[in-house]
Amino acid sequence: MNRTRIAKTRPFIALVAVAGLTACGGSGQDSSGTGTVGGDITYSYWGSPARAEKVNKVIAAYQSANQGVKVTGEVADYNAYIERMTVRAAGGGLPCVIGTQSTFIAPYAEKNVLLPLDDLIESKAIDVSQIPEDVLKAGRIDDKQYMIPTGTFVRLVAYNVDLVEKSGAAAPTNDLTWAAYADWLKQVQQGLPPGKYAGEIEAGNMFSFTSWVVGHGQQMFADGALGFDKQLMIDWFDYWLDLQKAGATVPPSMLADQQLSLEQTPLAKGVAVSGTRDIPHLYITEKALAANGLGTSVKAVSIPVDGSVPSANVLGSNGLSIPKSCDNKATAASFINFFANDKAAALAFQSDNGILTNTANQEALLSDGQTPGGVKQNVAILRDLTGRSDLATSSYPDGLSTLTAELTRLYQQVAFGKATPEEATDGFFDKAAQALR
Amino acid sequence: MTVLTTRAAGRSRRRTSTLRGTTPPKVFLSHLGLIALGITMFYPLAWMLGASFRADSRINDPGLWPGDAFTLSGYATGLAGLSGVPFWRFIANSLLVSVLCVAANLLACSITAYAFARIDFRFKRIWFAVMLGTLMLPHHVLLIPQYMLFRAAEWNNTYLPFVVPKLLATDAFFVFLLVQFFRAIPRDIDEAAQVDGCGHFRIFTRIILPLSKPALATTAIFTFIYSWNDFFTPLLYLTDTRLYTVPLALRAFIDTTSGSAFGALFAMSVLSLLPVLGVFIAFQKLLVEGIATTGLKG
Amino acid sequence: MVTDAITRPVTRQATPGHRPRRRAGRRNNIAGYLFMTPWLLGFAVIVGGPMLVSLYLSFTDYSLLGSPEWIGWDNYVQMFTTDDRFFASLAVTVTYLVVSVPLVQVSALALATILNRGLRGLVIYRTVFYIPSLIGGSVAIAILWRFVFAGDGLLNGLLSVVGVSTSTSWIGTPDSALYTLVVLNVWQFGAAMIIYLAGLRQVPAELYEAATIDGAGTVRRFRSVTLPMLSPVILFNVLMNMVGAFQAFNSAYIISNGTGGPADSTLFYTLYLYQRGFVDFDMGYACALGWILLVVVGLAALTLFRLSRRLVFYGEES
């Protein structure tokens, strides 16, 4: 009868599913990647329709240079991409080339989802000679290269040039200390009309906090735990709480707006005069302001440093990785190599996801007439920073995404008066003990 | 049986007016209240319609009329679609999936609901509780085992993970809905049919189903809307952009890491609203002309 | 079909006042399970199996990318002893439920009753009230809602027209953020309204006639005819609304950008579950959260059903 048949199949199904789950962490395929380039692969990445068009151009260029290979591009917005990647990683269904980022790559690397690419680099299947060592480091976990960086991002302090002028304060410089920055914010605020604020609130932003830690000469993470003093974090919260109370930052109710799309943030709407931004976001913000007549130029200066350290501009990168479950590693490696190094690819993609890492292609992009002005500006800014050695690195361990969300949440509690900086710091350290396993 | 149907047909003449107590001032006030409520409820949508014609930089303007910020670029960008696949293709995909889901749901859920509502079989109560229980577990928890299941069946990149679960009546919401509607139909009719020699299948198809047109229409409308707006299933199972459905494509317009295209988002949302609205208006008639049960006298 | 060929000799007449009892005979068992085949199959393979797997996972430490390790009751213990956000998310969800479900149901029933009277323009009203439900679950509406309730948004714009000048970001302030989501839910009462309309259609006309002949006024007719006849549908709507409110996710996710809103004020239970599972990679804990939710919702539903026994009238009982 139906009943008994169903009753028998159910435990069986459960068993199969569990067996599948236990088998899915690490499939033990070998990492050779030698083999002929051919067949079909899928490249899964995040982005908007505009980026999809550029990727398609890169794919077309690759396919015409490699007859007999078919690459399918698969795009989703960033949040959806992460969800999809996570479920597919757990279920064993990742495609051959995936877009990754230094901020979230650690768990996948450490749990054996990704292929270490060192062999492919040694055999020159993937050429990294044009990528600076500092940038390469961002894709390395436990001394193994899991990601080939194709785009760098650095967060700098961006400011609305016109509003700063109107407020009567001087433009900020590249060698501010945190104390000087606070004074500058207060000074700007004095010259602003009501409804406008000198700065966005950076307290809940993990990148800014990392810069604070690095800029004070300490480390974010060390030996599987937090690498800085509790007092440093309490000071961070106090710093921003003071500015908030002095009215020099946007009110806490605008914290939500800061997480929105770029054109909707307080800086882009002319409500805040300064805030931290990735390099590529500078000209997007500038365009948004210009379209509404709220500003003509957005410039950036380095993140403040507290004297003892050369730089607190922490860099991260976006890049490409190969999951271990890929069944066509040779083609995947060849595509990654093309994407990262080929000049035609670089000119087609126009550095759309972070500043492109290949230094030779940076120059090519700068001299090409088709490159939009904004892109040239981005590349120029990064080259300037590199030239001045004004860059720093940090590590991105497993558990970082949890702590990023936790920091945002904790500062919201502090900002709305629901927790003291000490309580928030304790909460953060507790969470870190759990998350940084 | 034939006596029954003619009586039902006779009764379907809808009494449209003259309920006692509905005097003209009351009617006027009702209309006034309804119009006011309607405007309040519709305002955000009207704004969205206006925003779809507005340039992205001015998307925040609170007014209804785009005025000098008028542009068709939202529609142009939106219709160009994603990765070379034009937007009308996504609408067609969503239509296909939703229609299939409606058919599957109507078939499977009505059969199951009939069993729960009209047949006494062993362990019925337990199965009913279990069925309701399946509604109460958040779907995120089932995501990964189900993904592995469908992957093992190699249903990746097809519409099978959408339709087959519906065909197997996993939509407990609609089973429950139909159970409640079926139970509201008096059993006397069934019993009379049984006297005439009808088995369960005949009762189901000749009596219960025809009397449940409003419920079935409701099921159809809701299934269509839920599957039209379903975002998660296509995200997980569809890899080929040409198979994408509307919600998946729409999300790409609001990627927070690059510039967002709100104009395109609103424009395409307005366009995607049209088929859904069409389905609703088409099925509305069934709700209007629903046959009121007559009951059996005596 | 098997059942077609079966002609049961009728042994009892359907006389008034005597309801023939249906005994669970063997033929009914066969018929029942035959009709239930699709559901049984679907449940076993697509729902039940994964449910069991998730139950198993709730007793493990499973980081999604590795293998599950058995840890017994640890997840559940942690949930009830050291996890503040668990209780916070429950509080948010229950508040949301307790405020929005009654509002939705009362509005839906009221409007359905009014619209069922045969007013002119019925079709237009019904469509207008229903459109929000048609599109309410989409990402565009969530984005729209942010625009409406932002500090420089639609609502404040309209308020300033009326003379109230405020620049509070309703979505950015913890005290009000949840209520913007309540408003979003209530805005979509059209779905429940349609179900009530369908239910009202099935109320036999002669019951109203009989009541009117007996001298009952509008209110009395509503209480004695409409409500009882509609009660199975009311039960359905309230139950489904409640289950849906417990599981609300999409709008909170998009509006709060996945964070649970300013200071956890929009941290719906399922959003918290999602964070633990997909951000913290603590899937075992997330499964435990899921099963606790099932227990809570199950208890709430049970209570509702118990209450309904006295209040709900099924047409199959004459």
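In the stretch B:176-216, which residues are within 7 Å of another protein chain (Cβ to nearest Cβ), under 17 Å from the mean Cα position of the chain (by Cα) and aliphatic (A, V, I, L, M)?
B:LEU177, B:ALA215, listed by residue number.
Counting only residues that are within 13 Å of chain A (Cβ to nearest Cβ) and more than 20 Å from C:PHE278 (Cα to Cα), how many does the stretch C:72-86 have?
Number of matching residues: 1.
Hey, could you check the stretch A:379-437 for residues that are at pLDDT below 90 and at positive phi and say which is farthest from the other protein chains (Cβ to nearest Cβ)?
Going through the qualifying residues, I end up with A:SER389.
Residues checked against (1) of a type outside the set (Val, Ile, Thr); (2) modelled with pLDDT of 95 or more; (3) outside any helix (DSSP H, G or I); (4) more than 17 Å from B:GLN284 (Cβ to Cβ):
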{"site": "C:TYR56", "(1), (2), (3), (4)": "yes, no, no, yes"}
{"site": "C:GLY72", "(1), (2), (3), (4)": "yes, no, yes, yes"}
{"site": "C:ARG85", "(1), (2), (3), (4)": "yes, no, no, yes"}
{"site": "C:LEU109", "(1), (2), (3), (4)": "yes, no, no, yes"}
{"site": "C:ILE131", "(1), (2), (3), (4)": "no, no, no, no"}
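A quick yes/no check of all residues on (1) under 17 Å from C:PRO38 (Cα atoms); (2) under 22 Å from the mean Cα position of the chain (by Cα):
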| residue | (1), (2) |
| --- | --- |
| B:LEU107 | yes, yes |
| B:ALA115 | yes, no |
| B:MET131 | yes, yes |
| B:LEU142 | no, no |
| B:MET148 | no, no |
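Considering only the stretch C:213-247, state which residues are in contact with a helix residue (DSSP H, G or I) (Cβ under 7 Å, 6 or more places away or on another chain), small (Gly, Ala, Ser) and closer than 19 Å to C:MET193 by Cβ.
C:SER231, C:ALA245
Kindly establish whether C:THR266 is modelled with pLDDT of 90 or more and outside any helix (DSSP H, G or I).
Judged against the criteria, C:THR266 is a match.
What do you reckon, is C:ILE171 outside any helix (DSSP H, G or I) and either crowded, with 21+ Cβ neighbours inside 10 Å or touching a Cys at 6+ places or on another chain (Cβ under 9 Å) (or both)?
Against the criterion (outside any helix (DSSP H, G or I) and either crowded, with 21+ Cβ neighbours inside 10 Å or touching a Cys at 6+ places or on another chain (Cβ under 9 Å) (or both)), C:ILE171 qualifies.
Can you tell me which residue in the stretch B:140-175 is nearest to the other protein chains (Cβ to nearest Cβ), limited to those that are of a type in the set (Val, Ile, Thr), within 30 Å of B:LYS213 (Cα to Cα) and touching a helix residue (DSSP H, G or I) at 6+ places or on another chain (Cβ under 7 Å)?
My answer is B:THR170.
What single numbered condition from (1) part of a helix (DSSP H, G or I); (2) surrounded by fewer than 16 Cβ atoms within 10 Å (Cβ to Cβ) fails to hold for A:GLN370?
(1)
Which of the following residues is in a loop (DSSP other than H, G, I, E, B), buried (at least 22 other Cβ atoms within 10 Å of the Cβ) and out of contact with any Pro (no Cβ under 7 Å at 6 or more places or on another chain): C:GLY215, C:GLY260?
Only one candidate qualifies: C:GLY260.
Tell me which residues, restricted to the stretch A:36-62, are more than 9 Å from chain B (Cβ to nearest Cβ), in contact with an Asp or Glu (Cβ under 8 Å, 6 or more places away or on another chain) and in a strand (DSSP E or B).
Once the filter is applied, which keeps residues that are more than 9 Å from chain B (Cβ to nearest Cβ), in contact with an Asp or Glu (Cβ under 8 Å, 6 or more places away or on another chain) and in a strand (DSSP E or B), the stretch A:36-62 yields A:TYR43, A:TYR45.
Of the numbered conditions (1) touching a strand residue (DSSP E or B) at 6+ places or on another chain (Cβ under 7 Å); (2) farther than 30 Å from A:ARG88 by Cβ, A:ALA344 satisfies every one except a single condition; which is it?
Unmet condition: (1).
State whether one or more residues within the stretch C:183-206 are more than 8 Å from chain B (Cβ to nearest Cβ) and of a type in the set (Phe, Trp, Tyr).
The answer is yes; a qualifying residue exists.
Filter the stretch C:105-125 down to the residues that are surrounded by fewer than 21 Cβ atoms within 10 Å (Cβ to Cβ) and in contact (Cβ under 8 Å) with a residue 24 or more places away in the chain, then identify the one that is farthest from A:PRO266 (Cα to Cα).
Residue satisfying both the conditions and the ranking: C:ASN116.
Within the bounds of the stretch A:306-329, is there any residue that is within 30 Å of A:VAL113 (Cβ to Cβ), at pLDDT 90 or above and assigned to a helix (DSSP H, G or I)?
Yes, some residue in the stretch A:306-329 is within 30 Å of A:VAL113 (Cβ to Cβ), at pLDDT 90 or above and assigned to a helix (DSSP H, G or I).
Across the stretch C:270-288, which residue is farthest from A:LYS418 (Cα to Cα) among those that are at the interface with chain B (Cβ under 8 Å from one of its Cβ atoms) and under 23 Å from the mean Cα position of the chain (by Cα)?
Looking at the filtered set, the residue picked out is C:CYS287.
Scan the stretch B:230-250 for residues that are within 12 Å of chain C (Cβ to nearest Cβ) and either in a loop (DSSP other than H, G, I, E, B) or surrounded by 23 or more Cβ atoms within 10 Å (Cβ to Cβ) (or both) and report the count.
The qualifying residues number 8.
This table checks each residue for (1) closer than 29 Å to C:PRO68 by Cα; (2) at pLDDT below 90; (3) buried (at least 19 other Cβ atoms within 10 Å of the Cβ).
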residue: A:SER102; (1), (2), (3): yes, no, yes
residue: A:TYR108; (1), (2), (3): yes, no, yes
residue: A:LEU120; (1), (2), (3): no, no, yes
residue: A:ILE126; (1), (2), (3): no, no, yes
residue: A:LYS137; (1), (2), (3): no, yes, no
residue: A:TYR146; (1), (2), (3): yes, no, yes
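Being at the interface with chain B (Cβ under 8 Å from one of its Cβ atoms) and buried (at least 17 other Cβ atoms within 10 Å of the Cβ), is that true of even one residue in the stretch C:157-167?
Scanning the stretch C:157-167, I find no residue that is at the interface with chain B (Cβ under 8 Å from one of its Cβ atoms) and buried (at least 17 other Cβ atoms within 10 Å of the Cβ), so the answer is no.
Quick one: A:ARG409 ticks every box in (1) of a type in the set (Lys, Arg); (2) under 19 Å from A:THR152 (Cβ atoms); (3) surrounded by 20 or more Cβ atoms within 10 Å (Cβ to Cβ) bar one, so which box is it?
Going through the list (1) of a type in the set (Lys, Arg); (2) under 19 Å from A:THR152 (Cβ atoms); (3) surrounded by 20 or more Cβ atoms within 10 Å (Cβ to Cβ), A:ARG409 breaks only (2).
Quick check on this structure: which one of C:ILE195, C:ILE234 is modelled with pLDDT under 85, out of contact with any strand residue (DSSP E or B) (no Cβ under 6 Å at 6 or more places or on another chain), crowded, with 17+ Cβ neighbours inside 10 Å and within 22 Å of C:ALA300 (Cβ to Cβ)?
Selected residue: C:ILE195, the only one of C:ILE195, C:ILE234 that is modelled with pLDDT under 85, out of contact with any strand residue (DSSP E or B) (no Cβ under 6 Å at 6 or more places or on another chain), crowded, with 17+ Cβ neighbours inside 10 Å and within 22 Å of C:ALA300 (Cβ to Cβ).
Taking the residues in the stretch B:68-96 that are small (Gly, Ala, Ser) and assigned to a helix (DSSP H, G or I) as candidates, determine which candidate is farthest from B:SER227 (Cα to Cα).
For the stretch B:68-96, the residue satisfying everything is B:ALA69.
When you scan the stretch A:33-45, do you find a residue that is within 29 Å of the chain's Cα centre (by Cα) and at pLDDT below 90, even just one?
The answer is yes, given that some residue of the stretch A:33-45 is within 29 Å of the chain's Cα centre (by Cα) and at pLDDT below 90.
Out of the residues in the stretch A:256-285 that are more than 18 Å from the chain's Cα centre (by Cα) and more than 12 Å from chain B (Cβ to nearest Cβ), state the one that is nearest to C:PRO174 (Cα to Cα).
Taking the candidates together, the pick is A:ALA256.
Are any of the residues in the stretch A:63-79 within 14 Å of chain C (Cβ to nearest Cβ), within 23 Å of the chain's Cα centre (by Cα), part of a loop (DSSP other than H, G, I, E, B) and not charged (D, E, K, R)?
Scanning the stretch A:63-79 turns up no residue that is within 14 Å of chain C (Cβ to nearest Cβ), within 23 Å of the chain's Cα centre (by Cα), part of a loop (DSSP other than H, G, I, E, B) and not charged (D, E, K, R).
The values are calculated or read from the model by the stated rules, or taken from the named source; none is laboratory data. These numbers were taken from a predicted model, which means no experiment stands behind them. FYI the Cβ positions are ideal-geometry reconstructions off the backbone, even for glycines, and counts take in every protein chain you see.
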